[in-house]
Amino acid sequence: MDIEELKRLNNLTVALRKHGMADKSDDAYKQAEALLTSKKEEVLPPFQPSSQVSNELLLEHKFTLALEMNNKKFQAALDIISTTIASLAQELTGLKRELSDLKSVPVQKPVVSEPEVSKKEQPKESHPRQGQFVPGDVSIEKMFYFGKK
């Protein structure tokens, strides 16, 4: 038995119990099995309650609507991207034209003035914190505190 036959058997069992043709599920199962084996040559469509059919149709309709909405969103996004790419391509060609025009015009070198020498030649003033000290000018005892003396 394959899965489809088991589904048919279960659906037929439920239908027999629902319509009152069998009191117990064992009786309904035996009757359903007898019906399916006696009509083995005939192809029986699977039993589906009407609410299940309408639910399946509703789900299928929702699924197709969701797919259509997604397709529209993707199409809109692709349209925006393609227009953006087209505008960028136009700007790029315009910039290339401007660049080629600039290359064809002779470039004048800017006049470089002599650097100001007066600032460099001024001697630095001696500052107490940055003065030119030698080790003999300040004793190490005055720089560090070694405790009581």
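The values are calculated or read from the model by the stated rules, or taken from the named source; none is laboratory data. Only a predicted model underlies this, so the values are computations on that prediction, with no experimental measurement involved. Reconstructed Cβ throughout: ideal geometry from the backbone, glycine too, with neighbour counts over all protein chains shown.
So which helices (runs of 4 or more DSSP H) stay within the range 48-149 end to end and still have 1 or more residues that are modelled with pLDDT of 75 or more? First the steps, then the outcome.
Details: elements: 50-104, 118-121, 140-143.
Helices (runs of 4 or more DSSP H) meeting the threshold: 50-104.
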Taking the range 1-37 and the residues there that are touching a helix residue (DSSP H, G or I) at 6+ places or on another chain (Cβ under 6 Å) and of a type in the set (G, A, S), the one that is surrounded by the fewest Cβ atoms within 10 Å (Cβ to Cβ) would be A22
